[in-house]
Amino acid sequence: MSNTTIEASSSKSGATQSDSAPRPLLEVKDLQVQFTTSTGSFTAVRDSDFTVYPGQWVAIVGESGSGKSTSAMSVLGLLPGTGHVTGGSIKLDGEDITHYTSKQFESIRGKRIGLVPQDPMSNLNPVWRIGTQVKEAIVANGMDVKREKRSELAQRLADSETDGHYHGDDDELFIGSAQLPQLIENARAAVASVTDDAEAVEKAMAHFNEQWVAGSSTRWQVREDLIAAGVPADEAKRIATTYVVGATMDDRIAGLLTEAGLPDAATRARQYPYEFSGGMRQRALIAIGLAARPELLIADEPTSALDVTVQKRILDHLQFLTDSLGTAVLFITHDLGLAAERAQHIVVMYKGRVVESGPSLEVLQHPQHPYTKRLVAAAPSLASQRIISARQRGDAAAADASLDHAAKDAQQIAGSETIIEVQHLVKEFKMPRRKEMFRAVDDVSFSVRRGTTCAIVGESGSGKSTVANMVLHLLDPTSGTVLYEGKDVHSFDRRQLLDFRRHVQPVFQNPYGSLDPMYSIYRSIEEPLKIHGIGNKKTRLARVRELLDMVSLPQSTMTRYPNELSGGQRQRIAIARAMALNPDVIVCDEAVSALDVLVQDQVLHLLNDLQAEQGLSYLFITHDLAVVRQIADDVVVMRQGKLVEHATTDEVFNSPKTQYTRDLLDAIPGGSLKLGLD
Amino acid sequence: MGKYVLRRILQMIPVVLGTTLLIYALVFALPGDPVKAMFGEKPVNDAVAAQIRSEYNLDKPFIVQYLLFLKNALTLNFGNTFAGRPVIDVIAGAFPVTIKLALMAFVFEGLFGVIFGIISGLKKGTWYDSVILIVSLLLISVPTFVTGFVGQYLFGVKWQILPVTAGRNPGFLDLLMPACVLGSVSMAYIIRLTRTEVASNKTADYVRTARAKGMSNRAVTMRHILRNSLIPVVTYLGADLGSLMGGAMITERIFNIQGIGNTLWQAILRGEGTLTVSIVTLLVLVFVVCNLIVDLLYAVLDPRIRYE
């Protein structure tokens with residue numbers, strides 16, 4: 001694969017597109033999808049319209065349950081369970097595929113429409129090697145592993161790339177791994193014969209070594225690379241024709257994986273999914289999705305399960321690949337910022353309907369539908385300021401009060417002592433089957449000021465949750481101390497510990513897992529009061545009512561069970577439970593990560609209001625810098641167990657000191673987009 | 001891998017010691033005098049009885065008896081039965097029949113259990129599935145001896161297709177009905193296990209991904225749904241082979257098969273400690289080895305499991 005060539009071509013793709021006749025690749029009209037349930041049928045998608053043109057990125061944005069994935073899956077004929085299309089039409093390149101039989105769908109899947117699914121952890125079969133699973137996609141679509149299959153669009157790009165010397169089929173033969181050493185050797189001789197500069201030869205060779213990948217780079221790319229390095233056209237043609245004669249299946253598998261950005265692909269192909277990280281699995285899935293060179297790729301939240309920096313790298317790569325192959329992408333995401341950054345066109349879905357669609361910037365800057373407006377306002381990736389408390393948000397009448405409050409706030413913060421102090425914290429874990437210890441947390445020191453929010457940011461595996469668990473005294477540190485109100489947490493006796501537990505409460509990531517499904521909401525919230533022997537039945541009931549009020553849930557919630565509540569409601573319950581004992585500190589471990597943006601926004605506001613009213617301190621663990629900006633006063637950036645940066649939120653966002661923090665900030669999708677909200 | 005196998009084999013030692021001691025204690029605690037039982041209704045001469053007691057170590061304390069048994073067992077000398085036959089001969093005579101029966105039952109339950117389970121799982125919710133489910137439920141809830149007698153009556157007496165009992169040196173046809181009866185309950189469990197696995201794998205994300213690749217329904221079913229569904233089934237089958245070897249007591253009695261189960265039954269009735277303990281020890285060994293094989297097989301089938 002030739003980077004330079006493709007980068008150049010991708011910049012031209014826009015122009016080429018506009019030259020071609022604007023015939024839509026995918027046209028979905030008035031789509032209606034229903035699921036049959038025991039109580040009748042449920043309409044998941046109604047009157048859904050969207051169009052994708054060749055080579056275009058179109059994003060469908062919406063919260064979970066909005067019907068965005070369902071719409072996309074009906075295009076592939078892969079609706080789950082009892083789902084079926086009950087109305088409207090789906091046209092692929094002018095052909096109506098709405099009522100295709102399963103055999104007909106088989107013939108277009110992979111070959112014409114590819115899929116990159118959402119969750120990399122569950123979408124690869126654990127018992128087959130990665131290479132085998134890529135091979136399945138090649139074999140199922142009868143792909144010729146010897147040569148590249150290029151779309152018309154991509155062929156035209158190739159033609160312009162080679163000044164019209166593109167010869168089609170044979171020019172698309174791949175380098176084979178068997179011929180690669182000879183090819184490199186001959187290329188070296190050819191380059192050496194045209195220049196005496198040893199350094200230039202090495203430079204050219206380094207370029208070749210990097211760019212020429214067996215099973216991925218083609219004859220014409222090799223020829224163009226040689227010509228670019230100064231080799232005469234005839235000689236370049238001779239070398240390319242002699243030594244680029246097609247790849248084997250294994251070469252092609254490795255080539256596809258390399259294209260998807262997987263290093264050392266030939267070895268990796270022989271590994272099993274469990275040996276891959278989430279990011280690597282997603283790359284394998286991208287390789288699978290593009291294996292048969294489809295005209296349209298459906299990317300269903302392809303990076304939502306990944307860390308932001310990985311997310312950025314993978315999307316950059318996917319964009320570069322689809323641009324060079326001329327593949328159109330239907331990009332499904334819940335993140336408006338991400339959609340606006342990647343796609344030319346945005347379709348917003350809400351409760352099964354398309355409520356708005358248009359060019360990305362248009363939708364972002366002039367949202368028409370109220371839902372879109374809320375979405376734009378709530379998108380964490382687009383927010384640029386810390387949330388201000390309810391009192392401060394209050395109307396004009398409350399302005400005085402809010403001023404007063406703000407003044408008090410400021411005073412409090414300025415004069416506040418530290419409530420939690422972490423000193424030189426180290427945690428080592430024993431690795432299975434290995435002698436040396438793994439340092440999950442390596443000499444971390446920071447402090448949380450009373451009444452403020454301190455956020456710990458980092459990618460998965462950075463040790464941020466381990467720190468939180470040590471602060472909560474759920475894990476013993478290998479060395480270092482955690483001070484709460486100046487006292488060492490890990491020297492507490494039983495009674496002191498109980499008292500500490502009362503004042504420092506956790507809220508965990510998964511609102512589904514942290515509430516006992518057998519406990520009513522009342523019992524869940526009452527439990528901490530009972531454990532600490534506070535009040536009698538009557539006062540406890542009053543307290544539960546008060547707490548539900550505090551988290552803006554109706555009193556009737558008390559008698560319900562967790563499975564009857566939504567994710568956002570459950571997280572409110574978890575917060576109410578944490579608040580039950582009037583704690584000083586709440587440790588939120590990814591407390592909003594599992595929630596939809598709008599719900600996330602509500603919960604963040606709730607946390608913030610509670611802080612303003614009760615003077616709470618938060619230790620906020622998150623991987624999402626955008627959330628940090630909304631909630632935190634201080635930020636601790638962690639990477640591989642080490643503290644990378646510790647400063648106030650403004651300092652971190654405005655003048656990050658380390659490259660790593662800058663990378664994290666750059667990775668926030670939509671960070672550079674301008675909004676035009678009233 | 002080698003280390004793991006070695007560790008597992010070493011783990012067998014306490015298992016075998018523990019079970020033999022337990023069985024020995026149980027046999028020892030059985031009411032009744034084995035010597036008297038030998039003579040049945042006839043009166044016993046005290047001197048003869050004492051001699052027999054000393055010959056079979058019955059006059060020594062329990063723990064000494066056990067240790068003597070262990071010592072002899074190490075040299076593969078399991079002593080004699082009360083009738084004077086070497087225990088090892090009795091086992092050698094009975095075991096091949098049991099192995100034959102168990103293997104036939106194993107093939108029967110594995111083959112039909114998996115096939116019906118797959119069909120049921122793939123066609124979940126259809127009448128086909130319902131029929132298979134009801135039949136499997138019936139097989140699970142009806143005791144083996146009922147299935148056995150019904151089989152004997154229908155196939156043996158009424159239609160006279162298969163022999164009613166097996167007798168000595170049974171052939172394939174003699175054992176066909178006993179094997180089906182023996183394997184029927186496990187087959188029902190395998191049907192249900194396979195069905196659940198297939199039904200849940202059918203909607204797995206990686207199956208959808210496989211379909212999205214453009215693979216044919218057949219290929220997806222074979223390579224993704226079945227391959228993954230059969231891993232727990234194979235584990236169950238392996239563990240079941242062990243219990244088939246020892247658990248044929250009822251079936252062997254119904255069909256009068258002179259196998260290990262029948263022999264064990266008689267040994268317990270007669271209070272023959274040595275024979276009982278020897279057979280049970282053997283069964284424990286068979287069971288432990290089967291389990292080891294299952295665990296190793298599991299690693300072959302599921303790459304996520306690696307033993308070091």
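Just a yes or no: is a residue in region A:263-281 surrounded by 24 or more Cβ atoms within 10 Å (Cβ to Cβ), away from chain B (no Cβ under 14 Å) and polar (S, T, N, Q)? Looking for residues that are surrounded by 24 or more Cβ atoms within 10 Å (Cβ to Cβ), away from chain B (no Cβ under 14 Å) and polar (S, T, N, Q), one finds none in region A:263-281, hence no. For region A:148-233, the helices (runs of 4 or more DSSP H) that sit wholly inside it and include 1 or more residues that are within 21 Å of residue A:263 (Cα to Cα) and without any contact (Cβ under 8 Å) to a residue 60 or more places away in the chain are A:180-194, A:198-211, A:219-228. Quick check on residue B:134: is it surrounded by fewer than 18 Cβ atoms within 10 Å (Cβ to Cβ) and over 20 Å from the mean Cα position of the chain (by Cα)? It is true that residue B:134 is surrounded by fewer than 18 Cβ atoms within 10 Å (Cβ to Cβ) and over 20 Å from the mean Cα position of the chain (by Cα). One residue stands out among those in region A:282-308 that are among the charged types (D, E, K, R) and under 17 Å from the mean Cα position of the chain (by Cα): the one that is nearest to the other protein chains (Cβ to nearest Cβ), which is A:300. Within region A:493-508, track down each residue that is among the basic types (Lys, Arg) and surrounded by 13 or more Cβ atoms within 10 Å (Cβ to Cβ). A:501, A:502 - these are the residues of region A:493-508 that are among the basic types (Lys, Arg) and surrounded by 13 or more Cβ atoms within 10 Å (Cβ to Cβ).
Screening region A:440-546 for helices (runs of 4 or more DSSP H) wholly inside it with 2 or more residues that are of a type outside the set (Ser, Thr, Tyr) and without any contact (Cβ under 8 Å) to a residue 24 or more places away in the chain returns the ranges A:494-503, A:521-531. Could you check region A:65-89 and list, in sequence order, the residues that are part of a loop (DSSP other than H, G, I, E, B), among the hydroxyl-bearing types (Ser, Thr, Tyr) and closer than 18 Å to residue A:356 by Cβ? If the condition is that a residue be part of a loop (DSSP other than H, G, I, E, B), among the hydroxyl-bearing types (Ser, Thr, Tyr) and closer than 18 Å to residue A:356 by Cβ, then A:66 is the only one that fits.
The residues on offer are B:73, B:50, B:92, and the sole one that is in a helix (DSSP H, G or I), surrounded by fewer than 17 Cβ atoms within 10 Å (Cβ to Cβ) and at pLDDT below 85 is B:50. Does residue A:142 fit the bill of being within 14 Å of chain B (Cβ to nearest Cβ), part of a helix (DSSP H, G or I) and of a type outside the set (A, V, I, L, M, F, W, C)? No, not satisfied. For region B:167-215, filtered to residues that are over 19 Å from the mean Cα position of the chain (by Cα), away from chain A (no Cβ under 14 Å) and not in a helix (DSSP H, G or I), the residue that is nearest to residue B:144 (Cα to Cα) is B:167.
Of the residues in region B:255-277, none is closer than 30 Å to residue A:123 by Cα and surrounded by fewer than 21 Cβ atoms within 10 Å (Cβ to Cβ).
Answer yes or no as to whether residue B:115 is part of a helix (DSSP H, G or I) and not assigned by the TED database to the domain that holds residue B:257. So residue B:115 does not fit the description; no.
Scanning region B:137-153 for residues that are farther than 21 Å from residue B:233 by Cα, free of Cβ contacts under 8 Å to residues at least 60 places away in the same chain and either touching an Asp or Glu at 6+ places or on another chain (Cβ under 9 Å) or surrounded by 14 or more Cβ atoms within 10 Å (Cβ to Cβ) (or both) yields B:142, B:147, B:151.
What residue, among those in region A:90-115 that are surrounded by fewer than 16 Cβ atoms within 10 Å (Cβ to Cβ) and assigned to a loop (DSSP other than H, G, I, E, B), is nearest to the other protein chains (Cβ to nearest Cβ)? Among those that are surrounded by fewer than 16 Cβ atoms within 10 Å (Cβ to Cβ) and assigned to a loop (DSSP other than H, G, I, E, B), it is A:101. The residue pairs whose first member lies in region B:256-272 and is within 17 Å of residue B:148 (Cβ to Cβ), whose second member is at pLDDT 85 or above and among the acidic types (Asp, Glu), and whose beta carbons are closer than 9 Å, counting only pairs six or more residues apart or on different chains, are B:257/B:174; B:258/B:252; B:259/B:252; B:261/B:252; B:262/B:252; B:265/B:252. Taken together, the criteria place residue A:14 among residues that are at pLDDT below 90 and either within 14 Å of chain B (Cβ to nearest Cβ) or in a helix (DSSP H, G or I) (or both). When we screen A:163, A:171 for residues that are charged (D, E, K, R), over 23 Å from residue A:35 (Cα atoms) and in contact with a Phe, Trp or Tyr (Cβ under 8 Å, 6 or more places away or on another chain), the only hit is A:171.
Tell me, yes or no, whether region A:509-531 has at least one residue that is buried (at least 19 other Cβ atoms within 10 Å of the Cβ), among the polar types (S, T, N, Q), at pLDDT 90 or above and under 30 Å from residue A:426 (Cα atoms). No. Among the residues of region A:68-83, just one is touching a helix residue (DSSP H, G or I) at 6+ places or on another chain (Cβ under 7 Å) and more than 11 Å from every other protein chain (Cβ to nearest Cβ), namely A:83.
Filtered by the rule that a residue be within 7 Å of chain B (Cβ to nearest Cβ) and among the small types (Gly, Ala, Ser), region A:116-139 gives A:122, A:137.
Here's the yes/no breakdown for (1) touching a Leu at 6+ places or on another chain (Cβ under 7 Å); (2) outside any helix (DSSP H, G or I):
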| position | (1), (2) |
| --- | --- |
| A:266 | no, no |
| A:270 | no, yes |
| A:283 | yes, no |
| A:294 | no, yes |
| A:312 | no, no |
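Is it fair to say residue B:297 is within 14 Å of another protein chain (Cβ to nearest Cβ) and touching a Gly at 6+ places or on another chain (Cβ under 7 Å)? Criteria met by residue B:297.
Across region B:76-87, the number of residues qualifying as on the phi < 0 side of the Ramachandran plot and surrounded by 15 or more Cβ atoms within 10 Å (Cβ to Cβ) comes to 5.
The values are calculated or read from the model by the stated rules, or taken from the named source; none is laboratory data. From a predicted model like this one, the values you see are computed outputs, not experimental measurements. Virtual Cβ from ideal backbone geometry, glycine too; neighbours counted across all protein chains shown.
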